[in-house]
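J.: Pasting a structure below so you can have a look.
Just so it is clear, none of the values below were taken in a lab; they were calculated from the coordinates. The shown structure was predicted, so the numbers you read here are calculated from the model rather than taken from an experiment. No Cβ is skipped: glycine too gets one built from the backbone with ideal geometry, and neighbour counts run over all protein chains shown.
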Amino acid sequence: MATKKKAKKTQVQLVKGMKDILPDEQLYWNVVKEKVFKAARDYGFSRIDTPIVEFTNLFKRTVGEDTDIVSKEMYSFVTPGGDKLSLRPENTAGVVRSYIEHGMLNLPQPVKLFYIGPQFRHDKPQAGRYRQFWQFGFEAIGDNDPVIDAQVIIISYNILKELGLDIQIQINSVGDEESRANYMKILRQYYQDKKKDLCVDCKKRLIKSPMRLLDCKVKYCQEMALEAPQMVDYLSDDAKEHFMSVLEYLDEMDVKYSLDPTIVRGLDYYTRTAWEIVELSNEGKLQALGGGGRYDDLAEVLGGRATPAVGFAMGMERIIMKMQENKIEIPKSKDYDVFVAQLGVEARKKALKLFEELREDDFKVTENMSKKGLKDQLDIANKRGAKYTLIMGQKEISDGTVLIRDMESGVQEIIDYKKVKIELRKRLQKKILDSEQKI
Ligand code: ATP
Ligand code: MG
């Protein structure tokens, strides 16, 4: 009989620039997330989740129409209803929109919020650069005191330091409106006779936003930026005093920083303090792990009341990449106390039930019902760090007992099935006491 051969379908693939985060790598993600949650608790920041989709206008008005993010990198679309929406390329604009919409200015200020979630930019994919990537960020909204800038910088610094990375803050002040108007004139003059050597993008930027030239990634533009007049020399008295004060706090806290006049950040909304964090282990290939700054004008741009604010965002893939490059060890989670092992079909039924009962009673219990041999199951129990294994076979079922094996000493005892929980608790308690005495 002739059988029809099925046409082989082409294999489905991951979308370019996207990334699966597989279970092994999740260990790193968990460590980073826990550090973020701890920092939020320690410094009093509450979590906020804003939608991934916002009106495109939100980003045009805040991040800026002439920035790379808005002009080249946004995933924008029109809905069947005619709304112009975009996948968020960053989260600060969404957080401030939410702050205004929910009247958070009536709360005690500053309102301290943090977020963690995916962002989308149509970037050129490469190591540490994806089209969907995760950021976490901390925002303190409603206070312009330099001590808040310093504290937010310290949070960004401490999270990375405590993850084991050797990092440095690169800091600058991009001034207030008054300082910037003057500085932009000076910058245009500086670049005017060098115009022919600038990259195509920078030629355009020179007219509308000359400060963005300092941030260009093209090598010869970067060289020109190094020689350019510096913002710090053109700060208004007020902006200067604010900046000096931020630096004094950082000195006091022994934060490693360097002044970098080319830090202007790739978004329009920054004012005064601006910083990036780089990892120092492989010089020459410095990719920022994150950055932040003050954005005193953002709320007003969105139609809210003038509200000074400061915050940062960090790229989680880049942090994890650096942790892996630097071979930073992640504690393997050995979270289990008890393994339930079974031998034979009847025992398996009972074992399934015992596992459920222990789980419901909040024992840290695990199993592997698909394994049949005892040796295999004991190996798995060991790998998962179980302190005890409960073994059930035909004999135990007929006797109404369970074998309890101490995984450290290998000693096995028979216990009454009905007393399993009491016996387990007793033994686990004793293990804790013994280990405390060793310390
Ligand atoms: P870059 O100069 O590397 O493009 P950026 O200035 O565009 O960075 P920010 O907008 O400051 O980046 O975002 C803060 C952090 O988010 C970056 O320092 C980086 O760690 C991370 N990030 C930004 N874009 C990407 C991306 N495409 N893939 C992965 N992480 C990213
Ligand atoms: Mg970018």
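J.: So, how do all the Cα-to-Cα distances of the stretch 223-330 break down into 10 Å bins, in percent, from 0 on up?
T.: Using 10 Å bins, I get a P(r) of 12, 36, 35, 15, 3 for the stretch 223-330.
J.: With Rg and the Kirkwood Rh both taken from Cα atoms, where does Rg over Rh land for the stretch 93-213? All intermediate terms of the calculation are to be shown ahead of the outcome.
T.: Numbers: Rg = 18.8 Å, Rh = 18.2 Å.
Taking Rh as the inverse mean 1/r over Cα pairs, Rg/Rh reads 1.03.
J.: Next question. For the stretch 44-74 and the stretch 380-411, what is the centre-to-centre distance using only Cα atoms, to the nearest Å?
T.: If you average the Cα positions of each part, the centres end up 55 Å apart.
J.: Taking each full run of DSSP H in the chain as one helix, which ones are at least 15 Å long along their axis (Cα atoms) and have mean Kyte-Doolittle hydropathy of at least -1.0? It would help to have the intermediate numbers written out before the result.
T.: Values: long enough: 23-43 (30 Å, -0.93); 146-162 (24 Å, 0.88); 177-192 (22 Å, -1.44); 237-252 (22 Å, -0.74); 345-360 (23 Å, -0.79); 420-438 (27 Å, -1.17).
Helices meeting the span and hydropathy rule in the chain are 23-43, 146-162, 237-252, 345-360.
J.: What distance in nm separates the two pseudo spin-label positions at VAL12 and SER258, each 7 Å out from Cα along the beta-carbon direction?
T.: 4.7 nm
J.: For the chain, give me the percentage of DSSP beta bridges that are antiparallel, rounded to the nearest 5 percent.
T.: Numbers: 51 of 64 bridges.
If I count the DSSP bridges inside the chain, around 80 percent turn out antiparallel.
J.: Okay, moving on. Hey, could you grab the Kirkwood Rh for the stretch 1-159? Inverse mean 1/r over distinct alpha carbon pairs, Å, one decimal.
T.: On the way: mean 1/r = 0.0543 Å⁻¹.
Here the Kirkwood hydrodynamic radius works out to 18.4 Å.
J.: So what is the 222 nm mean residue ellipticity for the chain from helices alone, if each DSSP H run of at least 4 adds -39500 (n - 2.57) and you divide by all residues, rounding to the nearest 500 deg cm²/dmol?
T.: Working: 15 runs with 172 residues, N = 439.
That calculation yields -12000 deg cm²/dmol at 222 nm.
J.: Might you report the magnitude of the Cβ-based charge dipole of the stretch 338-434 about its Cα centre, with Lys and Arg at +1 and Asp and Glu at -1, to the nearest 20 debye?
T.: Numbers: 22 positive and 17 negative charges, 23 e Å.
Charge dipole of the stretch 338-434: 100 debye, to the nearest 20.
J.: Turning to a different aspect of this structure: Starting from the Cα-Cα distance between ARG305 and GLN394, subtract it from 0.36 nm times their residue separation and give me the gain in nm to one decimal. Spell out each step's value before the answer.
T.: Values: separation 89, 0.36 × 89 = 32.04 nm, distance 7.41 nm.
Contour length minus the Cα-Cα distance gives 24.6 nm.
J.: On each of the three principal axes of the Cα atoms of the stretch 346-439, give max minus min coordinate, whole Å, ordered largest first.
T.: Extents along the principal axes, in whole Å: 43, 27, 25.
J.: Let me ask you something else. How large is the charge dipole for the chain, taken about the Cα centre, if only the Cβ atoms of Lys, Arg (+1) and Asp, Glu (-1) carry charge, to the nearest 20 debye?
T.: Numbers: 72 positive and 69 negative charges, 585 e Å.
With Lys and Arg at +1 and Asp and Glu at -1, about 2800 debye.
J.: Could I have the simple spin-label model distance between GLU178 and HIS122, label points 7 Å from Cα toward Cβ, reported in nm to one decimal?
T.: Output for this residue pair reads 4.2 nm.
J.: Among the listed pairs LYS8/LYS84; LYS35/LYS372; LYS19/LYS203; LYS372/LYS426; LYS375/LYS430, give every one whose C-alpha distance is greater than 32 Å. Before the final figure, lay out the partial values.
T.: Working: LYS8/LYS84 39 Å; LYS35/LYS372 40 Å; LYS19/LYS203 35 Å; LYS372/LYS426 29 Å; LYS375/LYS430 26 Å.
Violating the 32 Å limit, Cα to Cα: LYS8/LYS84; LYS35/LYS372; LYS19/LYS203.
J.: Now, a different point. With N denoting the number of residues in the chain, provide Rg(C-alpha) divided by 2.2 N^0.38 Å, to two decimal places. Could you put the intermediate results ahead of the total?
T.: Details: Rg = 28.7 Å, N = 439, 2.2 N^0.38 = 22.2 Å.
Taking the Cα Rg and dividing by 2.2 N^0.38 Å, one obtains 1.29.
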